[in-house]
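Below is one structure, written out as structure tokens; the observations come after it.
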Amino acid sequence: MKRSIVLALILAAALAPLAAQDAAPKLSMWNRGVFNLYSSDGTTSLGPNWMGYGVAQGPYNSLSLDWASKLVTWSMTAEWDGDGKVYPIYLRDYSGSFNMFGGFMKLTAGKVFGVDEYRFRNFDYTGFSTRIANAETGFLVQIIPMKALSLGAFIPVPVLAQSAATTYSRPNFGIRWTAGDFAAVKVSLRLEPDASTGNRELAVGATLTAVPNLGLTIGYTYRDVTQENDLFIDGSYGMGPLVLNAFADGNFIAGVFVGGGKVNAEYSLPKTPFTFGSSAAYGNGDVWGNSGLDLNPYIRYSFGGSSVQTGVDVTYGTVWAYKVQFTYTVGF
């Protein structure tokens with residue numbers, strides 16, 4: 001209850017000065033839960049820890065408040081899990097952006113999150129590289145000399161004091177270049193060491209956009225401390241109600257090769273809210289967590305930005321196992 005009151009006060013305080021502006025604030029929410037209704041070992045449980053946190057956080061929630069005018073944009077996102085005692089509500093990010101010099105420069109300050117325009121993701125929405133601003137306090141400066149080109153630099157400034165030499169020796173950079181309707185290239189360079197591994201990171205990728213209904217992305221990521229050289233490919237193709245997706249990766253980590261991949265097919269019944277789909281994944285411990293064989297046939301019912309889905313998740317590592325799953329997603 002206290003957390004709900006705190007969130008309400010934060011939202012009210014944020015909305016008050018914006019109410020007098022011409023643009024109306026936009027409130028959006030995303031919530032997802034995965035439940036194992038029955039497993040082959042005779043148990044029930046919450047679904048996989050798909051957000052990658054160190055605790056079984058249960059259903060995942062995010063609540064965002066955004067406001068934008070012609071020159072100024074403000075955003076804030078709160079996150080929490082289905083059991084606030086395990087993963088309590090907190091503000092993941094909050095920042096203001098300022099369009100300057102007729103759109104030639106954009107300045108963002110606060111606890112900055114996102115900037116996906118400098119990185120690619122696979123069809124499971126997993127990034128091939130880390131964001132140059134990944135929910136960290138600091139300043140992001142973007143130069144947009146033309147519509148097709150964006151140059152970004154993020155300087156992480158921690159809440160607690162540190163030497164200026166340390167602060168200015170670890171900026172992160174991003175480049176996005178679009179070649180008309182033919183292709184797009186993205187590059188990111190993180191000189192800021194990862195908090196858990198100490199890695200600095202270089203990533204470069206290109207996606208082909210010239211062929212209708214076809215998406216094809218290839219890329220490369222290098223991480224210095226763990227000596228990782230990661231190659232990836234991601235593709236999609238649509239044929240009316242049928243959509244095919246696939247990705248594969250090969251990771252050379254300190255001279256050891258691991259890899260994996262996943263394919264997915266979905267067929268949406270015309271003029272109905274039903275979609276039939278199936279995924280198959282296999283890997284030997286790649287950077288996206290594929291380990292062994294995973295098969296997942298399912299059926300989904302969609303309405304608006306929300307859906308309910310049921311299916312069976314079949315896995316094989318050393319033995320076969322299965323889970324009957326129910327998944328729901330709420331989005332607005």
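The values are calculated or read from the model by the stated rules, or taken from the named source; none is laboratory data. All values derive from a computational prediction rather than experimental measurement. No Cβ is skipped: glycine too gets one built from the backbone with ideal geometry, and neighbour counts run over all protein chains shown.
Scanning the stretch 247-276 for residues that are crowded, with 18+ Cβ neighbours inside 10 Å and over 16 Å from Val287 (Cα atoms), we see that the one that is farthest from the chain's Cα centre (by Cα) is Thr275.
Of all residues in the stretch 72-127, those satisfying the criterion of being under 16 Å from the mean Cα position of the chain (by Cα) and β-branched (Val, Ile, Thr) are Thr77, Val112, Val115, Thr126. Going by the structure shown, is Ala265 assigned to a loop (DSSP other than H, G, I, E, B), without any contact (Cβ under 8 Å) to a residue 60 or more places away in the chain and farther than 14 Å from Phe128 by Cα? Answer is no for this residue. Per the listing Thr130, Thr126, Thr137, the residue uniquely in contact with a Pro (Cβ under 8 Å, 6 or more places away or on another chain) and touching a residue at least 24 places away in the same chain (Cβ under 8 Å) is Thr137. Flag: Asp286 does not match the condition of being charged (D, E, K, R), closer than 27 Å to Arg170 by Cα, modelled with pLDDT under 95 and out of contact with any Phe, Trp or Tyr (no Cβ under 8 Å at 6 or more places or on another chain).
Scanning the stretch 271-299 for residues that are part of a strand (DSSP E or B), closer than 17 Å to Lys323 by Cβ and of a type outside the set (Ser, Thr, Tyr) yields Gly277, Ala280, Ala281, Gly292, Leu293, Asp294, Leu295, Asn296, Pro297, Ile299. Across the stretch 51-71, the qualifying residues are those that are over 17 Å from Asp93 (Cα atoms) and surrounded by 14 or more Cβ atoms within 10 Å (Cβ to Cβ), and the one among them that is modelled with the highest pLDDT is Pro59.
With the structure loaded, tell me whether Leu91 is closer than 30 Å to Asn229 by Cα and hydrophobic (A, V, I, L, M, F, W, C) or whether it fails that test. Criteria not met by Leu91.
Of all residues in the stretch 209-227, those that are surrounded by 14 or more Cβ atoms within 10 Å (Cβ to Cβ) and modelled with pLDDT under 95 total 2. When restricted to residues that are within 23 Å of the chain's Cα centre (by Cα) and among the aromatic types (Phe, Trp, Tyr), the stretch 155-202 contains 2. Would you confirm, using the coordinates I've provided, whether Ile132 is within 24 Å of Asp181 (Cα to Cα) and surrounded by 17 or more Cβ atoms within 10 Å (Cβ to Cβ)? It is false that Ile132 is within 24 Å of Asp181 (Cα to Cα) and surrounded by 17 or more Cβ atoms within 10 Å (Cβ to Cβ). Within the span defined as the stretch 275-285, one or more residues are under 30 Å from Leu27 (Cα atoms) and not hydrophobic (A, V, I, L, M, F, W, C). Restricting to the stretch 176-198, and then to whatever is closer than 17 Å to Tyr222 by Cβ and of a type in the set (Gly, Ala, Ser), can you tell me which residue is modelled with the lowest pLDDT? The qualifying residue modelled with the lowest pLDDT is Gly198. Summed over the stretch 183-202, residues that are among the acidic types (Asp, Glu), assigned to a loop (DSSP other than H, G, I, E, B) and crowded, with 17+ Cβ neighbours inside 10 Å total 1. Considering the stretch 228-242, and only residues there that are surrounded by fewer than 16 Cβ atoms within 10 Å (Cβ to Cβ) and in a strand (DSSP E or B), the residue that is farthest from the chain's Cα centre (by Cα) turns out to be Met239.
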